[in-house]
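In what follows, a structure is listed as structure tokens, so that the remarks can point back to it.
The values are calculated or read from the model by the stated rules, or taken from the named source; none is laboratory data. Source: prediction; values computed, not measured. Heads up, the Cβs are rebuilt from the backbone with ideal geometry, glycines too, and the neighbour counts pull from every protein chain shown. Ligands, DNA and RNA are stripped out before the accessible areas are found, and what is left, the full protein with its side chains, is counted by its heavy atoms. Shrake-Rupley method; radii C 1.70, N 1.55, O 1.52, S 1.80 Å.
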Amino acid sequence: MRWLPLLLIGTPVSAMPQDYTPPPPTETTTECQNGQVWDPEAETCRDSENAAFDDATRLRAARELAQAERYDDALRVLGTIGDQDDTDVLTITGFAHRKAGRIALGLEFYDRALAADPDNLLARAYLGEAYLEAGDAAAARAQLSEIRRRGGRQTWPEIALRLALETGQRSSY
């Protein structure tokens, strides 16, 4: 996977860190199976419903699993998050469905995320990647413009979508 060194800026939105950079692999992806999450205190994998985890931890684990192309595991973890209408949950759910081949379903989740928060830059970047994958570079460029217009210059979503447009390849996450 390709990692880009970035200077990232922004203010927090919900539980996801605003820098948007792909999370590094942890024991969640190297040791755990079937949507389980690593519990560092117990030094073991636990079901994501376990009370040891808060929603922010679950969301980080889901992002990590999605990055590792374990989309169904990511969806299992996302399903245990209390607020299913949280825009970050909607965004990562959309990503996992789209990358698992359920493109229309993924796009529905991006639409819901953007309807709730038009400034969700990560949802815009993923939507732009979806447009690019469908061969609609103009629509992808429109999302890049929206990211920039909404204060997203030099953020992970802006750089990842710009590079995808320039190279024809999607970002590593």
Checklist line | Complete set of residues in the range 98-155 that are assigned to a loop (DSSP other than H, G, I, E, B), open to solvent by 70 Å² or more (accessible area, probe 1.4 Å) and aliphatic (A, V, I, L, M) | finding: 134
Next item on the list: Hey, could you check the range 29-43 for residues that are modelled with pLDDT under 95 and among the β-branched types (Val, Ile, Thr) and say which is least open to solvent (accessible area, probe 1.4 Å)?
Entry: 29
Next item on the list: Sort out which residues of the range 48-57 are open to solvent by 20 Å² or more (accessible area, probe 1.4 Å) and either over 19 Å from residue 94 (Cα atoms) or without any contact (Cβ under 8 Å) to a residue 40 or more places away in the chain (or both), and write them in order of number.
Entry: 49, 50, 51, 52, 54, 57
